[in-house]
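Only one structure is covered here, and it is reproduced in the block below.
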Amino acid sequence: MKFIRREKLKKYLPHICAFVVFLVVPVLVSAQPTNSGAIPNPLGEGTDTFEGFIRKILSDVVVPIGSVIVTFFLIFSGFLFVTAQGNEEKLKRAKTAILWTVIGAAVLLGAVAISELVESTVDELKTK
């Protein structure tokens with residue numbers, strides 16, 4: 001009987017570990033059905049369609065995080081205005097910061113509006 005050398009074992013060990021992690025573990029830890037026999041949706045109710053999924057991502061992830069970022073940069077821009085004290089270069093930097101903050105807020109709100117527009121268009125096309 002021939003044994004595997006340490007060099008070969010070291011060479012193939014990452015592959016063996018990857019096999020165990022990505023193929024064996026998911027089989028052992030598969031989702032258990034509920035009383036009704038169906039696997040529950042991990043994203044929650046209303047995400048069964050693409051439109052619902054996009055709405056869920058926008059309302060639960062993008063808008064809250066984006067709102068915090070916009071608020072932070074508005075406060076930061078105000079701080080830049082206060083510390084500029086009439087210096088033209090610093091005022092220019094503060095104006096640029098507030099301009100890009102407002103543009104970012106508009107993009108954030110525009111994403112919600114565009115998603116609603118696309119969703120209503122898709123729903124209208126479905127009915128035809």
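Its relative contact order, with pairs defined as Cα atoms under 8 Å and 6+ residues apart, puts region 47-127 at 31 percent.
Note down the magnitude of the dipole of region 47-127 about its Cα centre, charges +1 on Lys and Arg C-beta and -1 on Asp and Glu C-beta and zero elsewhere, to the nearest 20 debye. Before the final figure, lay out each step's value.
Working: 7 positive and 9 negative charges, 110 e Å.
For region 47-127, the charge dipole is close to 520 debye.
None of the figures in this text is laboratory data; all of them are computed from the coordinates on show. What you see is a predicted model; the values in this text were computed from it and never measured. Don't worry about glycine lacking a Cβ; one is built from the backbone with ideal geometry, like all the others, and counts go over all protein chains shown.
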